[in-house]
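Peer 1: My questions will all concern the structure given below.
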Amino acid sequence: MNANDAFLLTLGLPVVASPVIYLIGRIATRKYPKVDLARWLALLTLLVDGYFLFIVGTEFIQTRHELLIAVGAISLRLDGIALLLAVAVLALGTLVTLFSGPAIARDSGRETYFALLTAMIGTIIGLGAADDLFNLWVWFEAMALCSYVLVAFYRNEAAALEAGVKYLVQSALGTVLVLLAIGLVFANTGSLDLEEIRIAAQPSGLMLAAGALFIIGFGVKAALVPLHTWLPDAHSQAPSGISAMLSGVVIEAGLVAMLRALGALHLVTVSWGALLLGFAAVNMLVGNLMALRQTQVKRLLAYSSLSHMGYILLGVGAGAVLGSENSAAGGFFHILTHAMMKGLAFLAAGALLYSLHQALGNHDPLVVDDLNGASRKYPLTAFAFSVAVLGLGGLPPLAGFMSKWQIFVGGFQTGNAWMIALVVFAALNSVLSLGYYAPLVNRLYRRQPASIVEQGKPIPVLMSVPMVILSLGVVVLGLWPSLADWLTGPAAQSLLMLFGG
Amino acid sequence: MAEQLILLTVGLPWLGALLCWAAGDRHPRLQHTLAVSFSVAAGITALLLIPFGNERLLVTLPIGGAFGDFTFSPDGLGVFLAAIATVIGSLAVIFSVDYMRGEAQLGRYYAFVLFFIGAMVGLVLTTNLLLMFVFWEITALTSYALISFHNDDPKAVAGGIKALIITQFGGLGLLIGALVLFAHTGGYDILAVIANPGLLPAGALAWMAFGCLAAAAAKSAQFPFQTWLPDAMEAPTPISALIHAATMVNAGVYLLARFFPAFEGVAGWREAVMAVGMLSALLAAVMAIVATDLKRVLAYSTVSQLGYMVYAVGAGSVFAAQFHLLSHSVFKALLFLGAGAVIHSVGTRDMREMGGLGKKIPFVRLVFVIGALALTGLPVLNGFWSKELILEAGLEPGNPLWMLIVMLVVSGLTAFYTFRMVWLVFYGQPRAELHAHEAGTAMKVALAPLAIGTMTTWLLAGSFSRLLSESLPAQQIAAHSTGEILREVLTASVTWIALAAIGLGLAAWWQRDRLAGIGRAFSGLGKAASNSFGFEDVNRAVVMITQNSAEKLRETQTGMLSVNVAYLLAALIVVMTILALGVGLP
């Protein structure tokens, strides 16, 4: 099969399949309530999509040529960044689909869930490959729309609805700012094509304003502090699979969109990267401090995503402004490892939430006290959670250590005193984060289980399978970090080309 | 051959860890057997590696990129520490068979112990600074997991997290050192910078030198990071013996010794190292005098003796430091395991409740006294020879004499607190009704070799110095025969001064009733020592400030949509202002 056709199919299949999944799912629930057809269709779609992506990926890796396709006026380009994002979202999405089957088995609206999840995955792949501003905006908005409904999935819970509404309003404001920026860019350069803007954009007050609007507009979705306030509610109220997707890929997709837009304006000023570094510092500190006092597990993980976004920003920011290839590669590597580790943490927390609360019919959040002695009854889940959380804290031999290390190496290689200070600050933050990660592990391995653990229901096998796969991934990448070079290397090079000219 | 042995010495414990965990807690006897077999096997392969220590071999696993190649070199410094880690490791595991009998979650215990042993071996054998850091962090992870093994005990959990945070914080020094090395040389090769310190510009080398000093101080519980070790005593006692006396805490001394040729030229570094060692030795000895928990006395004693080793490196004698490391690993492991036998027997760690136990547990008393005599530094036992070599190094030109005098005083203090400890536990009248049973067979099997070692390892002085001299050319260690070394110690004047100091210390304890007046005069100092000279207050303050700022920050998450939108617009204005002012990168 031609790589270009495969690329088209990779993008198109999830989007086209989504309404089909919904319809068939809806009809099937009436006739065959026992079989969850929507879930299996979604899974099939994603697996087939993975095959197409495999064709695209091998072509790209072998030839190192970006794939360009055009459908009418829509032009799409697959470069290193697009490939990395696509791999991350498909891999995590498939595992989340598998996990979500049992997780939401008792809830209504399942066909909506799987249809929108599939669509969201497709839109994120499209976002990564967008080659002009309008395209970028459309895919971005489509992704956002899917995610609003998914966050408010438990529509009978007031807290979930509140989280959904806050997310919607703040996100919509961000989108308006992005539209304003697009308007300014179009007025100034006369084009929406990213390549043409790169050449035509000249330093001027209006273009600086456009850049600021891009940063804030996309920054809401990318969870930059202080635009992040929607995140703790959304990530903790959403179904756990969606929390995993949000922390693991959606906020990173927001960052990729920002990078694409800023890259087009790279001639306007060198400050874009410096601003990202500034946000990185704030994100790391605020994320860690806010997580420190949390007693709700999913909120704690949500705040920790802020600080990990900080590490990613540190890597890509250094790549953008100082041309550091290792930093950029490290930043993208951290996108991958964070998706795995945070995804795993949310899935494990979700499994415990299911067995200790949801399966018993209540909608209470999972608190840290519920973790006490959980390893006695749920050894696999407890182990998976420990691997995820210790990896997030940056302890070897887990993947989180290696990706942070690469970012730090890149930072030191620049020789810039501020950058080096920032790296030391990041390392200190990593130590601080252990202050809230480590106690969770201690709680899991108590001998005396909490009473709620003793009354908990068993965890379905289909929930455990994704956890096992992700745990293995985290350990393997921690021992052989160069296994991801084929993805992170091209992505770093694409970033440097984006900002280097 | 060396390649396979290295792989086995790291890999066998790790395989054992996996199998112990997989065996499941329903088969404790299988877990005990697996643990003992794999740790002993690793001990054998490590001992087999020693003959290769004289060759300058390099074993390489290419990984590349930002991670360098994973290289290992079985030189004298590495193989000797690998042997200590695995041999004492296997003795600690054998001891655990009795000590941990009937305990729950044995799989987790043995898995982490074996994981630790493999990581420690990797740490001392690798020549890639990144890989050394990785193993360093793994030992920190396992140490934390084992200190807080009894997760239901809040003191144990607190001790574990404290150890983790403090050693991680200090470990940033090693992180910075590795990053500086990579940034300037494009690789992590330790041997390259040791052979040629000029590879790095002077400023970068200084950062690396002091970074490594900070990391070593944190890992070896030296000033100002000594506070985690006493709280780490919440760990099961075989862990205290293995990790917090004989192996992991030596990693800091190892790091300083390994990099000595590279850093000795950095201005102020040697003086700083000596100061850190001296302060640790002094402060810890004073704190040991007033401590009432048996394991805490031994913990402070470990800090103090590590202070001697660090001081020795700073004074310029890597051989003296490593020789004392060998002696100390053996006799301190002996003392801790002996203490473990006592605690297991009577069920308390408080020395004020003990007394007269010697009559009830004579074997334990015998081995404990042997260890105590070595700690005090009395002749014939290994502690005497190695401590005297350190004091002699202090006399070398260029080393401040006043520091040596302080170290001599500390020798006297060491004698005092050691005899106090032995007396309170084994002699005198029993102060409480305690049921005491003699140590089990596995415990005796572990204790006996250590006691014999305490009496004999000093005979290896000659071969040891030859091993180090031939395999570490950059260190410029002179090889001597055992006879020469012994004669040197016996004829040095500082030896006799030290013995006099020790004699004074012993006499002070023996005559403590008559000296009670002096004791009262120093009571203020005693109280300060019980309060760890304010260091714990510093720790508490840091934690409180962090928690309070975190709590205050929570108020920014108001939950009100209008406030959130206001943040958004405010951020937009700030960013636009920054751009308008034209801020680039300084």
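The values are calculated or read from the model by the stated rules, or taken from the named source; none is laboratory data. As the structure is a computational prediction, the values presented were derived from the model and not from experiment. All Cβ positions, glycine included, derive from the backbone under ideal geometry; neighbour counts span all protein chains shown.
Peer 1: So A:His266 passes all but one of these: (1) crowded, with 24+ Cβ neighbours inside 10 Å; (2) not in a helix (DSSP H, G or I). Which condition number does it fail?
Peer 2: Among (1) crowded, with 24+ Cβ neighbours inside 10 Å; (2) not in a helix (DSSP H, G or I), the lone unmet condition for A:His266 is (1).
Peer 1: Does any residue in segment B:405-416 that is in contact (Cβ under 8 Å) with a residue 60 or more places away in the chain come within less than 9 Å, Cβ to Cβ, of a residue that is among the small types (Gly, Ala, Ser) and outside any helix (DSSP H, G or I) six or more places away or on a different chain, and which pairs are these?
Peer 2: What qualifies is B:Met407/B:Gly394; B:Leu408/B:Gly394; B:Ser411/B:Gly377; B:Thr414/B:Gly377; B:Ala415/B:Gly377.
Peer 1: Still on this structure, I have one more. Return the residue satisfying two criteria in turn: it lies in segment A:406-415 and is at the interface with chain B (Cβ under 7 Å from one of its Cβ atoms) and in contact (Cβ under 8 Å) with a residue 24 or more places away in the chain, and of such residues it is farthest from A:Gly473 (Cα to Cα).
Peer 2: For segment A:406-415, the residue satisfying everything is A:Gln413.
Peer 1: Please specify each residue of segment A:220-233 satisfying the condition of being at the interface with chain B (Cβ under 10 Å from one of its Cβ atoms) and either in contact with a Gly (Cβ under 7 Å, 6 or more places away or on another chain) or at pLDDT below 90 (or both).
Peer 2: Residues satisfying the conditions are A:Val220, A:Leu227.
Peer 1: Return the only residue of A:Leu47, A:Leu90, A:Leu68, A:Leu76 being surrounded by 14 or more Cβ atoms within 10 Å (Cβ to Cβ), part of a helix (DSSP H, G or I) and on the phi < 0 side of the Ramachandran plot.
Peer 2: Working: A:Leu47 fails: surrounded by 14 or more Cβ atoms within 10 Å (Cβ to Cβ); A:Leu68 fails: part of a helix (DSSP H, G or I); A:Leu76 fails: part of a helix (DSSP H, G or I).
Of A:Leu47, A:Leu90, A:Leu68, A:Leu76, the one residue that is surrounded by 14 or more Cβ atoms within 10 Å (Cβ to Cβ), part of a helix (DSSP H, G or I) and on the phi < 0 side of the Ramachandran plot is A:Leu90.
Peer 1: Taking into account only those residues within segment A:167-194 that are within 30 Å of B:Ser562 (Cα to Cα) and in contact with a Ser or Thr (Cβ under 9 Å, 6 or more places away or on another chain), which is farthest from the other protein chains (Cβ to nearest Cβ)?
Peer 2: Of the residues in segment A:167-194, the ones within 30 Å of B:Ser562 (Cα to Cα) are A:167-185.
Checking which are in contact with a Ser or Thr (Cβ under 9 Å, 6 or more places away or on another chain) leaves us with A:167, A:170-171, A:185.
Details: A:Tyr167: 10, A:Gln170: 6, A:Ser171: 10, A:Val185: 15 Å.
Filtering first and then ranking leaves A:Val185.
Peer 1: So, A:Val297, is that one β-branched (Val, Ile, Thr), more than 9 Å from chain B (Cβ to nearest Cβ) and either over 19 Å from A:Leu352 (Cβ atoms) or under 13 Å from the mean Cα position of the chain (by Cα) (or both) or not? Before you say what the answer is, go through the steps one by one.
Peer 2: Values: β-branched (Val, Ile, Thr): yes; more than 9 Å from chain B (Cβ to nearest Cβ): yes; either over 19 Å from A:Leu352 (Cβ atoms) or under 13 Å from the mean Cα position of the chain (by Cα) (or both): no.
Criteria not met by A:Val297.
Peer 1: Quick one: would you say B:Thr491 is farther than 30 Å from B:Leu373 by Cα and more than 26 Å from the chain's Cα centre (by Cα)?
Peer 2: On the way: farther than 30 Å from B:Leu373 by Cα: no; more than 26 Å from the chain's Cα centre (by Cα): yes.
No.
Results for (1) farther than 30 Å from A:Ser191 by Cβ; (2) more than 16 Å from the chain's Cα centre (by Cα); (3) within 14 Å of chain B (Cβ to nearest Cβ), shown as yes or no for each residue.
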residue	(1), (2), (3)
A:Leu83	no, no, no
A:Leu92	yes, no, no
A:Leu98	yes, yes, no
A:Phe114	yes, yes, no
A:Leu127	no, no, no
A:Leu136	no, yes, no
A:Tyr148	yes, no, no
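Peer 1: Here are A:Gly319, A:Gly323: which of them is on the phi > 0 side of the Ramachandran plot and in contact (Cβ under 8 Å) with a residue 12 or more places away in the chain?
Peer 2: Details: A:Gly319 fails: on the phi > 0 side of the Ramachandran plot.
Checking each option against the conditions leaves just A:Gly323.
Peer 1: Condition test on A:Leu366, is it under 18 Å from A:Ala244 (Cβ atoms), in contact with a strand residue (DSSP E or B) (Cβ under 8 Å, 6 or more places away or on another chain) and buried (at least 21 other Cβ atoms within 10 Å of the Cβ)? Explain how you work it out, then say what you get.
Peer 2: Numbers: under 18 Å from A:Ala244 (Cβ atoms): yes; in contact with a strand residue (DSSP E or B) (Cβ under 8 Å, 6 or more places away or on another chain): yes; buried (at least 21 other Cβ atoms within 10 Å of the Cβ): yes.
Yes; evaluated as a whole, the condition is true for this residue.
Peer 1: Taking the condition more than 14 Å from every other protein chain (Cβ to nearest Cβ), part of a helix (DSSP H, G or I), of a type outside the set (Gly, Ala, Ser) and touching a residue at least 60 places away in the same chain (Cβ under 8 Å), does A:Ile197 pass? So that I can check it myself, show each step before the final result.
Peer 2: Values: more than 14 Å from every other protein chain (Cβ to nearest Cβ): yes; part of a helix (DSSP H, G or I): yes; of a type outside the set (Gly, Ala, Ser): yes; touching a residue at least 60 places away in the same chain (Cβ under 8 Å): yes.
In short, yes.
Peer 1: Specify the residue that is nearest to B:Leu57 (Cα to Cα); the eligible residues are those in segment B:98-133 that are in contact with a strand residue (DSSP E or B) (Cβ under 9 Å, 6 or more places away or on another chain) and assigned to a helix (DSSP H, G or I). Spell out how you get there, then give the answer.
Peer 2: In the first step, residues of segment B:98-133 are kept if they are in contact with a strand residue (DSSP E or B) (Cβ under 9 Å, 6 or more places away or on another chain); the result is B:122, B:125-132.
Filter once more, keeping what is assigned to a helix (DSSP H, G or I): B:122, B:125, B:129-132.
Values: B:Gly122: 15, B:Leu125: 11, B:Leu129: 17, B:Leu130: 20, B:Leu131: 18, B:Met132: 18 Å.
Here the answer is B:Leu125.
Peer 1: Here's another thing I want to ask about it. Within segment A:301-321, restricting attention to residues that are within 12 Å of another protein chain (Cβ to nearest Cβ) and within 25 Å of A:Arg443 (Cβ to Cβ), which residue is surrounded by the most Cβ atoms within 10 Å (Cβ to Cβ)? Walk me through it before giving the result.
Peer 2: In the first step, residues of segment A:301-321 are kept if they are within 12 Å of another protein chain (Cβ to nearest Cβ); the result is A:302-303, A:306, A:315, A:317-318, A:320-321.
Next, only the ones that are within 25 Å of A:Arg443 (Cβ to Cβ) stay: A:302-303, A:306.
Numbers: A:Ala302: 29, A:Tyr303: 24, A:Leu306: 26.
Going through the qualifying residues, I end up with A:Ala302.
Peer 1: Now for a different question. Taking segment A:432-481 only, how many residues are at the interface with chain B (Cβ under 10 Å from one of its Cβ atoms) and of a type in the set (Val, Ile, Thr)?
Peer 2: Final tally of qualifying residues: 1.
One line per residue, one yes/no per condition, for (1) crowded, with 20+ Cβ neighbours inside 10 Å; (2) at the interface with another protein chain (Cβ under 10 Å from one of its Cβ atoms):
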residue: B:Ala145; (1), (2): yes, yes
residue: B:Asp152; (1), (2): no, yes
residue: B:Gly160; (1), (2): yes, yes
residue: B:Ala163; (1), (2): yes, no
residue: B:Phe182; (1), (2): yes, yes
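Peer 1: So if I check each of A:Ile216, A:Ile242, A:Ile251, which one is among the β-branched types (Val, Ile, Thr), without any contact (Cβ under 8 Å) to a residue 60 or more places away in the chain and away from chain B (no Cβ under 11 Å)?
Peer 2: From the options A:Ile216, A:Ile242, A:Ile251, the qualifying one is A:Ile251.
Peer 1: If you don't mind, there's one more thing I want to ask. Which numbered condition trips up A:Asn442, out of (1) surrounded by 21 or more Cβ atoms within 10 Å (Cβ to Cβ); (2) touching a residue at least 12 places away in the same chain (Cβ under 8 Å)?
Peer 2: For A:Asn442, the failing item is (2).
Peer 1: Also, quick follow-up: So which residues in segment A:211-244 are small (Gly, Ala, Ser) and more than 16 Å from the chain's Cα centre (by Cα), if there are any at all? First the steps, then the outcome.
Peer 2: Restricting attention to segment A:211-244, the residues satisfying the condition of being small (Gly, Ala, Ser) are A:211-212, A:217, A:219, A:222-223, A:234, A:236, A:238, A:240-241, A:243-244.
Answer for segment A:211-244, where residues must be small (Gly, Ala, Ser) and more than 16 Å from the chain's Cα centre (by Cα): A:Gly211, A:Ala212, A:Gly217.
Peer 1: Which helices (runs of 4 or more DSSP H) does segment A:375-446 wholly contain that include 2 or more residues that are under 25 Å from B:Asp153 (Cα atoms)? Explain how you work it out, then say what you get.
Peer 2: Numbers: elements: A:379-392, A:399-413, A:417-444.
The helices (runs of 4 or more DSSP H) meeting that bar are A:379-392, A:417-444.
Peer 1: Need at least 2 residues that are out of contact with any Ser or Thr (no Cβ under 7 Å at 6 or more places or on another chain) and within 14 Å of chain A (Cβ to nearest Cβ) per element, so show me which helices (runs of 4 or more DSSP H) inside segment B:499-571 make the cut, counting only ones lying wholly within it.
Peer 2: Values: elements: B:516-521, B:523-530, B:535-553.
Where helices (runs of 4 or more DSSP H) fall fully within segment B:499-571 and carry at least 2 residues being out of contact with any Ser or Thr (no Cβ under 7 Å at 6 or more places or on another chain) and within 14 Å of chain A (Cβ to nearest Cβ), they are B:535-553.
Peer 1: Conditions first: (1) touching a Pro at 6+ places or on another chain (Cβ under 9 Å); (2) without any contact (Cβ under 8 Å) to a residue 24 or more places away in the chain; (3) closer than 21 Å to B:Ala2 by Cα. B:Pro51 passes all but one, so which condition is the exception?
Peer 2: Among (1) touching a Pro at 6+ places or on another chain (Cβ under 9 Å); (2) without any contact (Cβ under 8 Å) to a residue 24 or more places away in the chain; (3) closer than 21 Å to B:Ala2 by Cα, the lone unmet condition for B:Pro51 is (1).
Peer 1: Just one of B:Ala241, B:Ala206, B:Ala215 is touching a residue at least 60 places away in the same chain (Cβ under 8 Å), under 23 Å from B:Leu334 (Cβ atoms) and either touching a helix residue (DSSP H, G or I) at 6+ places or on another chain (Cβ under 8 Å) or of a type outside the set (Gly, Ala, Ser) (or both); which is it? Break it down into steps so the answer makes sense when it comes.
Peer 2: Working: B:Ala206 fails: under 23 Å from B:Leu334 (Cβ atoms); B:Ala215 fails: under 23 Å from B:Leu334 (Cβ atoms).
Only one candidate passes the filter, namely B:Ala241.
Every residue, every condition in (1) within 23 Å of B:Thr558 (Cβ to Cβ); (2) touching a Leu at 6+ places or on another chain (Cβ under 8 Å); (3) crowded, with 17+ Cβ neighbours inside 10 Å, yes or no:
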| site | (1), (2), (3) |
| --- | --- |
| A:Met143 | no, yes, yes |
| A:Glu157 | yes, no, no |
| A:Gly183 | no, no, no |
| A:Asn188 | no, yes, yes |
| A:Pro203 | no, yes, no |
| A:Met207 | no, yes, yes |
| A:Val225 | yes, yes, yes |
| A:Ser247 | yes, yes, yes |
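Peer 1: Same structure, new question: Mind counting the residues in segment B:347-372 that are over 26 Å from B:Val318 (Cβ atoms) and assigned to a helix (DSSP H, G or I)?
Peer 2: Of all residues in segment B:347-372, those over 26 Å from B:Val318 (Cβ atoms) come to B:347-370, B:372.
Of the ones still in play, those that are also assigned to a helix (DSSP H, G or I) are B:351-353, B:357-359, B:362-370, B:372.
Matching residues across segment B:347-372 total 16.
Peer 1: Also, quick follow-up: Suppose we filter A:Leu347, A:Leu390, A:Leu380, A:Leu360 for residues that are at negative phi and within 11 Å of chain B (Cβ to nearest Cβ); which single one remains? Quick ask: steps written out before the conclusion?
Peer 2: Values: A:Leu347 fails: within 11 Å of chain B (Cβ to nearest Cβ); A:Leu380 fails: within 11 Å of chain B (Cβ to nearest Cβ); A:Leu360 fails: within 11 Å of chain B (Cβ to nearest Cβ).
A:Leu390 is the lone residue from the list that is at negative phi and within 11 Å of chain B (Cβ to nearest Cβ).
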